[in-house]
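Reviewing the structure listed below.
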Amino acid sequence: MTDVLQILGFTPGRILRVFGMRRSGNHAIINWLQRNAPGDSVFLNNCRRKASVLETFQGCEVNGERHIHKPEDGQPIAEHVSDGAVLLLSYEDFAPVGREDLMDLVSAEFNADDVSHEIVIYRNFTNWSASLLKKLQGNPSHTPLGRLRIMMGALEQYKHMLTLVEEPRGHNMQAIHYDGWCGSAEYRVATLESLELENCDDDLGRVQKYGGGSSFQPNAKTAEELDVLRRWPAMESDPEYQIVLSAARQDLHLMKLLERLTPQDAALAAGSVKRSGSRSGWFKDLLNPKRALRVR
């Protein structure tokens, strides 16, 4: 561990390990966690699973700002950060389900006992799938069949992520529902309390540029400008999106998970809720913090 601390440049006060699918608001929530950290924070982005964190992370932030680190210069990752800082590690499109010992194998330098809280970020299926498909459609290198191949693989990983929400692994695992986080200040306060963080900054923050920013509103500057809770109506007439929904409906395990975790979203995916622009009734229930917040 001494070598690890020398490479980091500080001794973490707590470690938060974050799992989430792309297009699930991972970076918005991680930025918010940094802004509510007690003192300094260091974020290592998109680490490779079952490998060295310090050798595979794909970007670094110190106190919410991008930090350039060149390992070849021999300098610590964050040499001017105070001991006791919060260290956040993110893993994208990966949920540690299956083997009982997998939580200890995720990060080479840290085992499960070193982690203060494991965090799982998930987003309503209809909004998540619409956002991911829209992002893929903006990339001219993907053919329609190529996009659908990626989406089918993503559906499987999304199912694993929901399994982790419902059946938490390790200790102190906290699920954060992105839709609930965006839609309710009460939910954000409750989440900070469960993570033992002070409520220093409850703002949704600026749009994060990881992955090119918003799939639908690329010019938005702040998260308040984003209509992240209403992505599916913009895609419901898209033929590729209908194929994705049809594939999801064939997966009984996925649909059962949706019914238990986000029942109204499951009804949308199944096509049994009338589409409308109103945010009444079922939509308010969807954002109910008591329903959305799951702390293990």
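The values are calculated or read from the model by the stated rules, or taken from the named source; none is laboratory data. Quantities reported herein were computed from a predicted structural model and do not represent experimental measurements. All Cβ positions, glycine included, derive from the backbone under ideal geometry; neighbour counts span all protein chains shown.
Looking at the stretch 143-164, which of its residues are among the polar types (S, T, N, Q) and touching a His at 6+ places or on another chain (Cβ under 9 Å)? Selection gives Thr163 alone. Residue under question is Val18, and the condition is that it be under 27 Å from Leu164 (Cα atoms), out of contact with any Pro (no Cβ under 6 Å at 6 or more places or on another chain) and at pLDDT 95 or above; does it hold? So Val18 passes the test. Test Leu164 against the stated conditions and say whether it is out of contact with any strand residue (DSSP E or B) (no Cβ under 8 Å at 6 or more places or on another chain), at pLDDT 90 or above and part of a helix (DSSP H, G or I). Here the answer is no, as Leu164 does not meet what is asked.
Screening Glu259, Glu240 for residues that are within 21 Å of Lys134 (Cβ to Cβ) and at pLDDT 90 or above leaves exactly one candidate, Glu240. Taking Asp265 as the residue in question, decide whether it is assigned to a helix (DSSP H, G or I) and at pLDDT below 60. Criteria not met by Asp265. Taken together, the residues in the stretch 4-36 that are surrounded by fewer than 22 Cβ atoms within 10 Å (Cβ to Cβ), among the β-branched types (Val, Ile, Thr) and either at positive phi or in a strand (DSSP E or B) (or both) amount to 1.
You will find that of Gly84, Gly98, the residue that is surrounded by fewer than 17 Cβ atoms within 10 Å (Cβ to Cβ), among the small types (Gly, Ala, Ser) and without any contact (Cβ under 8 Å) to a residue 24 or more places away in the chain is Gly98 and no other.
Contact map, the stretch 175-187: first residue touching a residue at least 12 places away in the same chain (Cβ under 8 Å), second residue of a type in the set (Gly, Ala, Ser) and assigned to a strand (DSSP E or B), Cβ cut-off under 9 Å, separation 6 or more or different chains; pairs are Ile176/Gly20; Tyr178/Gly20.
Annotation: of all residues in the stretch 101-130 being crowded, with 24+ Cβ neighbours inside 10 Å and hydroxyl-bearing (Ser, Thr, Tyr), the one that is nearest to the chain's Cα centre (by Cα) is Tyr122. Can you pull out every residue in the stretch 131-169 that is of a type in the set (Gly, Ala, Ser) and closer than 25 Å to Ala266 by Cβ? Scanning the stretch 131-169 gives Ser131, Gly153, Ala154. Cβ separations smaller than 6 Å between residues 6+ apart or across chains give the following pairs from the stretch 230-241 residues that are outside any helix (DSSP H, G or I) to residues that are surrounded by 15 or more Cβ atoms within 10 Å (Cβ to Cβ): Arg231/Asn127; Arg231/Ala130; Arg231/Ser131.
Taking (1) part of a loop (DSSP other than H, G, I, E, B); (2) hydroxyl-bearing (Ser, Thr, Tyr); (3) touching a helix residue (DSSP H, G or I) at 6+ places or on another chain (Cβ under 9 Å) in turn, Ser90 satisfies each apart from (1). Scanning the stretch 138-158 for residues that are part of a helix (DSSP H, G or I) and free of Cβ contacts under 8 Å to residues at least 24 places away in the same chain returns Leu145, Gly146, Arg149, Ile150, Gly153, Glu156. Of the residues making up the stretch 57-75, one or more are crowded, with 17+ Cβ neighbours inside 10 Å, more than 28 Å from Gly183 (Cα to Cα) and under 18 Å from the mean Cα position of the chain (by Cα). Taken over the stretch 175-199, the criterion of being surrounded by 14 or more Cβ atoms within 10 Å (Cβ to Cβ), in a helix (DSSP H, G or I) and not acidic (Asp, Glu) is satisfied by Tyr178, Gly180, Trp181, Cys182, Gly183, Tyr187, Arg188, Ala190, Thr191, Leu192, Ser194.
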